[in-house]
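Have a look at the structure below, then the notes.
The values are calculated or read from the model by the stated rules, or taken from the named source; none is laboratory data. Everything numeric here is computed off the predicted structure, so don't read it as measured data. Ideal geometry is used to build each Cβ from the backbone, glycine not excepted, and the neighbour counts take in all protein chains shown. When the accessible area is computed, the model is the full protein with side chains, heavy atoms only, and any ligands, DNA or RNA have been set aside. Shrake-Rupley method; radii C 1.70, N 1.55, O 1.52, S 1.80 Å.
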Amino acid sequence: MGEAHPRAGIHRARRSGSATMVLLVAFALVLAFAGLMLVGRNNSGTYILGLLAVLATVGVVALFAVAAGLVRLRASDADSPLTRAVVDSAFEGIVVTDAAGRVLYANAAYLQLTNALDARDVRPIERVFIGDPDVSEAIYRLLKAARDGRRQQEEVRIAGAAGEPARWLRMRVRPLGIGKRDADTTVWTIADVTRDREKQENVFQELQHAIDYLDHAPAGFFSVNAQGEIVYLNATLAAWLDHDLAQVGSGGLSLADVVTGEGASLLTTLSGLPGEVKTEIVDLEMKTRGGRSVPVRLFHRVAYGADGEPGTSRTLVLNRAQDVATDPQSAAEVRFMRFFNNTPMAIATVDPSGRIARSNGLFARLFHGLLKESGAGDAGSILAVVSERERAALEAAIGKAARGQGDIEPVEATLSGTSERSATFYVTPIEDSEDTAEAAIVYALETTERRKLENQIRQQQKIDQVGQLAGGMAHDFNNILSAIMMATDFLLSAHKPTDRSFQDIMQIKQNANRAAALVRQLLAFSRRQTLRPQVLDLGDVLEDLSMLLRRLIGEKVKLDVVHGRDLWPVKADMSQFEQVIVNLAVNARDAMPDGGKLTLRTANLTAAEAARLGYAGMPPADYVAIEVTDTGTGMPPEVMAKIFEPFFSTKEVGKGTGLGLSTVYGIIKQTGGFIYPESEPGKGTTFRIFLPRHIPAEEPVVAPAIAAAPAEPPKAGASDLTGSGTILLVEDEEGLRGLNARGLSSRGYKVLEAANGADAIEVMQHEGGGIDLVVSDVVMPEMDGPAMLKELRKTKPDLKIIFVSGYAEEAFQKNIPEGQYDFLPKPFTLKQLVEQVKQTMAT
């Protein structure tokens, strides 16, 4: 390798052919010619054909080898003068090495950058910088990339010689070939980027100076994105608000953290046209980390993208605290600003057409979504926030205010959109205003929750009124049914089963029993039925009930019972609770004619969890929750509003009484619990029942199997219902009184009759102490049963009494004086009456 010219590169050529291969081919041709001379002219034809066949085979194999890439034909070594000149005169140092790391080519710039004296002093890059520890890691990464057939770039700092500054070099490696196997030649480039680095550092220093100027400017500055997250806060504003700059940009600080009340809504609800840049001047209060307010004026600049979405803001903040102390006008402006932004009413000023001029933060938060959803023609108009059918009323109120008229009636309106929101709008004129952009002030008070509560109270009152009516009717029906059932008992005892009229009497009795069941449902709805509460484990109750439920719902519906762990006990009438679950299960079955899934789920609910649920009318307390969910057809809202009303049914005529859910409602309410339905058409229905947790003192939890067993009268009276003694029968219904007296007399008792409490006292005074038992109605004219009992026990404290009534025992229990008494609900049969009399007389 000769001496390199200072402007030319060095080049070490590789031979493109092989002398040995040429000699072998020549030797083979000589041998073929000699063979042709030896075989003679007679056999030369066959020899020549064989030789041609061998050459043809070699040619075909060579062609396939070239096509498959097994054999490559090297290009000529003749270099293009233009390409050679470009590479030799490049500003970047270029060096080409082979797989063994030997230098095949290096241009003049490479020699200069590596301080090579001449062509003999050229070394590959890894040997040039092998002694520099700061560069060795970068060199290693470049070499590894070259071996893997990848391109790689690194920038390294080279320490300068004594008295010389350091340099920055950019090194690149690019293997020649495709993939790791073909990368037998590597091109390295090296460039001095010290000046570029210096420029970058200068720009960075200037940027740091600009940030420093902005940070310590006499005004605050912040930047907030569309989500309300502060992405930048200067040091001045951070000092005013006593916030740590480290929180900014990491999601640790939001606009709501630095702005009081609803002020943040004024900034996050701004809207603009696509591509528009808008600057708003906003007066509000910011707050320090300790909660102290700072009055400020904001110059809030936002650029909107092509889709109309706001970008990150540029917001200048001026502190008005000093102005308040020195300038009375500024102090008045700040006081008004505090009132305007912190009032619990949404306020906006509008022009005569209803277009909003300005608003407070609460107005922006409540109505921004509705304004955004409105069309382009309604954008910015307060009329867009109300439904179309009520816009005319609000528009007329604004028109009156624009004309200076006062005493404008409030406008009750449903808000636009799909949600059922409502608000009341109060419109007042702006007196002596020369600004046509502000003609009226609109105060808005959202009434959604109030209306919802009013509807719930109205519905509750409606149900209570119907319940009172149903309870009164049930009492009267019970008296009638008691007489019918007592009369049928007499008729059945007087006829043999073979008599023609016996089956007719039985039919009357069965229908009377059906009527009595309906009356019990009415009493359940009116919460006037008699309950026998006991401490229950609902998990055991549902487990025992599940077999019956599976038979009721049929094979098409799958029953899934999910028990909560360690359920608290509740106090309820077990038979009535079972009735609740059965009614809900039957309704769910009817809602799934093609089959589905019924899920019963129980769980404990703490007071905190109950408060988070936010059900109207349910106070925070510990409850046991029972959830009944089906996958049926669901119910629309108009049906949901009536499901607990008695006699309301969506079933066909003759397939339901309409008392199933009203009975459920009454039982749950009388037990002290709550029930809330949720349903959506096509998505099924869920009933959530909440029963108060019972904290037992000494009373044990009743096992379901024991609770299910009916109370039996003493064995002594199980077969013999006759007896003796004097009974005072008090009943205001003459027909019923006569039937009851007849039945008791037929069983051996002496019966004295009285039409009301006053008559009973006279009979008691006449008979003296000879009366053994009093059987009395509760509700009677002149003197009711409890008042009568007080008087009777003045003369005979140990007097035994049985109260009979069509109302629930709880309805009058608080009015009964202390002492033993028994209760028999109407309607009852003769056997039930006699059994109760026998049992009470025996105690």
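Within the option set Thr97, Thr114, being touching a Ser or Thr at 6+ places or on another chain (Cβ under 9 Å) and at pLDDT 75 or above holds for one residue only, Thr97.
Looking only at residues that are modelled with pLDDT under 70 and open to solvent by 90 Å² or more (accessible area, probe 1.4 Å) in the range 42-66, which one is farthest from the chain's Cα centre (by Cα)? Ranking the candidates gives Asn42 first.
Apart from one condition, Arg195 fits all of (1) of a type in the set (D, E, K, R); (2) open to solvent by 90 Å² or more (accessible area, probe 1.4 Å); (3) within 56 Å of the chain's Cα centre (by Cα); (4) within 29 Å of Leu113 (Cα to Cα); the exception is (3).
The residues of the range 129-157 that are open to solvent by less than 50 Å² (accessible area, probe 1.4 Å) and of a type in the set (Phe, Trp, Tyr) amount to a single one, Phe129. Take the residues in the range 262-292 that are touching a residue at least 40 places away in the same chain (Cβ under 8 Å) and part of a strand (DSSP E or B), then tell me which one is nearest to Gly361 (Cα to Cα). Ranking the candidates gives Leu284 first. Based on what the data block shows, is Val557 at pLDDT below 80 and surrounded by 17 or more Cβ atoms within 10 Å (Cβ to Cβ)? Criteria not met by Val557. With respect to the conditions (1) touching a strand residue (DSSP E or B) at 6+ places or on another chain (Cβ under 8 Å); (2) surrounded by fewer than 17 Cβ atoms within 10 Å (Cβ to Cβ); (3) touching a residue at least 60 places away in the same chain (Cβ under 8 Å); (4) not hydroxyl-bearing (Ser, Thr, Tyr), Asp544 falls short on a single one, namely (1). Within the range 764-776, the residues that satisfy the criterion of being open to solvent by 30 Å² or more (accessible area, probe 1.4 Å) and of a type outside the set (Gly, Ala, Ser) are Gln765, His766, Glu767, Asp772. Candidates are the residues of the range 546-566 that are out of contact with any Asp or Glu (no Cβ under 9 Å at 6 or more places or on another chain) and in a loop (DSSP other than H, G, I, E, B); the one that is nearest to Val628 (Cα to Cα) is Gly564. With the range 295-364 as the region, which strands (runs of 3 or more DSSP E) entirely inside it contain at least 1 residues that are out of contact with any Ser or Thr (no Cβ under 6 Å at 6 or more places or on another chain) and open to solvent by 50 Å² or more (accessible area, probe 1.4 Å)? Ranges flagged: 314-319.
Scanning the range 150-195 for residues being part of a loop (DSSP other than H, G, I, E, B) and at pLDDT 85 or above gives a total of 3. Once the range 268-288 is narrowed to residues that are modelled with pLDDT of 85 or more and touching a helix residue (DSSP H, G or I) at 6+ places or on another chain (Cβ under 7 Å), the residue that is surrounded by the most Cβ atoms within 10 Å (Cβ to Cβ) is Leu284. For Thr97, the stated conditions do not hold, so it cannot be described as over 20 Å from Ala145 (Cα atoms) and among the β-branched types (Val, Ile, Thr).
Of these, Ile457, Ile505, Ile484, Ile463, which one is in a helix (DSSP H, G or I), among the β-branched types (Val, Ile, Thr), modelled with pLDDT of 65 or more and under 30 Å from Glu412 (Cβ atoms)? Being in a helix (DSSP H, G or I), among the β-branched types (Val, Ile, Thr), modelled with pLDDT of 65 or more and under 30 Å from Glu412 (Cβ atoms) holds for just one of Ile457, Ile505, Ile484, Ile463, which is Ile457. Restricting attention to the range 244-261, the residues that are open to solvent by 50 Å² or more (accessible area, probe 1.4 Å) and either closer than 14 Å to Asn360 by Cβ or assigned to a loop (DSSP other than H, G, I, E, B) (or both) total 5. Scanning the range 91-128 for residues that are farther than 16 Å from Val173 by Cα and open to solvent by 30 Å² or more (accessible area, probe 1.4 Å) yields a total of 7.
Filtering Phe340, Phe299, Phe367, Phe336 for residues that are more than 29 Å from Lys400 (Cβ to Cβ) and among the aromatic types (Phe, Trp, Tyr) leaves a single hit, Phe299. Take the range 628-644 and flag every residue that is touching a Leu at 6+ places or on another chain (Cβ under 6 Å) and among the charged types (D, E, K, R). Matches in the range 628-644: Asp630 only. Taking each residue of the range 751-763 that is β-branched (Val, Ile, Thr) and looking for partners that are open to solvent by 10 Å² or more (accessible area, probe 1.4 Å) and assigned to a strand (DSSP E or B) with beta-carbon atoms closer than 7 Å, six or more apart or interchain, yields Val763/Leu752.
Inspect all residues belonging to the range 567-574 and state whether any of them is among the hydrophobic types (A, V, I, L, M, F, W, C), under 29 Å from the mean Cα position of the chain (by Cα) and in a loop (DSSP other than H, G, I, E, B). Yes; the residues of the range 567-574 include at least one that is among the hydrophobic types (A, V, I, L, M, F, W, C), under 29 Å from the mean Cα position of the chain (by Cα) and in a loop (DSSP other than H, G, I, E, B). Would you check if there is a residue in the range 586-599 being closer than 15 Å to Ile689 by Cα and open to solvent by 40 Å² or more (accessible area, probe 1.4 Å)? No - not one qualifying residue is present in the range 586-599. Screening the candidates Leu605, Leu613 for the property of being touching a residue at least 12 places away in the same chain (Cβ under 8 Å) and under 21 Å from Leu691 (Cα atoms) yields one hit, Leu605. Pick from the range 202-240 the residues that are of a type in the set (D, E, K, R) and part of a helix (DSSP H, G or I): which of them is surrounded by the most Cβ atoms within 10 Å (Cβ to Cβ)? My answer is Asp215.
Please indicate, with yes or no, whether at least one residue in the range 567-574 is open to solvent by less than 30 Å² (accessible area, probe 1.4 Å), at pLDDT below 85 and in contact with a Pro (Cβ under 6 Å, 6 or more places away or on another chain). So far as the range 567-574 goes, yes, one or more of its residues are open to solvent by less than 30 Å² (accessible area, probe 1.4 Å), at pLDDT below 85 and in contact with a Pro (Cβ under 6 Å, 6 or more places away or on another chain).
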